[in-house]
Amino acid sequence: MNGADSNCPLPVKAAKGNSHKIQNLVSVSCRYAVGAVFLMAGVSKIVNLPEFENQVLLHSNFPQLLARLIPSAQLSFRIAQLVVVFLPWLELICGFCLVFKWAVRESAAIAGLLLSLFIVYSLANPAEECRCFFLPKAMSSLPTWSHVLRDGVLLIGSLYLVFRGVPKNVEA
């Protein structure tokens, strides 16, 4: 027989290589975008923890929301205090893990959960200002839907990392 066998499939190495490169590019972009935002949010809260504590405990609806969910007022206030103490550090650790490619799926899952809660809270309390970044006045002047849109895009990136993960056989 001369020529190629008509039953043999065509080589698809080039298409497969491009698919891995695209997946790697999307993965790296998601890791850096979500990681950078969480690093920025965590550091800005840790640097000015008293102001963040005042914002959450005194000027937001978060303690009242917890009081509706938990019948004990003292317990709900303690939970709000724990959130104020642990949230910035959790954001910082998630951001570091995503940027430095450590426990990517786990940190993306935590980031996705936090982003989901932030979206729900922003929709339930549209009048509240975020004040969770280095430029709180600039961020607070944006309309509420922009915060929800930003968090929604970051949530999609987090979910991509949770379900697609980081490609293993691709050069970094």
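Can you work out which of the residues in region 121-156 that are part of a helix (DSSP H, G or I) and of a type in the set (Lys, Arg) is modelled with the lowest pLDDT?
The extreme case among them is Lys137.
When you go through Phe77, Phe86, Phe52, Phe38 one by one, which is the residue that is in a helix (DSSP H, G or I) and closer than 21 Å to Gly152 by Cβ? Being in a helix (DSSP H, G or I) and closer than 21 Å to Gly152 by Cβ holds for just one of Phe77, Phe86, Phe52, Phe38, which is Phe38.
Of all residues in region 60-69, exactly one satisfies the criterion of being surrounded by 15 or more Cβ atoms within 10 Å (Cβ to Cβ) and farther than 16 Å from Ser122 by Cα, namely Ala67. Under the condition of being in contact with a helix residue (DSSP H, G or I) (Cβ under 9 Å, 6 or more places away or on another chain) and either open to solvent by 70 Å² or more (accessible area, probe 1.4 Å) or under 15 Å from Val120 (Cβ atoms) (or both), the residues counted in region 49-59 number 2.
The values are calculated or read from the model by the stated rules, or taken from the named source; none is laboratory data. As the structure is a prediction and not an experimental result, all values here were calculated from the model. A quick note on method: Cβ atoms are made from the backbone with ideal geometry, for glycine too, and the neighbour counts reach across all protein chains shown. Heads up: the accessible areas ignore ligands, DNA and RNA and are worked out on the full protein's heavy atoms, side chains in. Shrake-Rupley method; radii C 1.70, N 1.55, O 1.52, S 1.80 Å.
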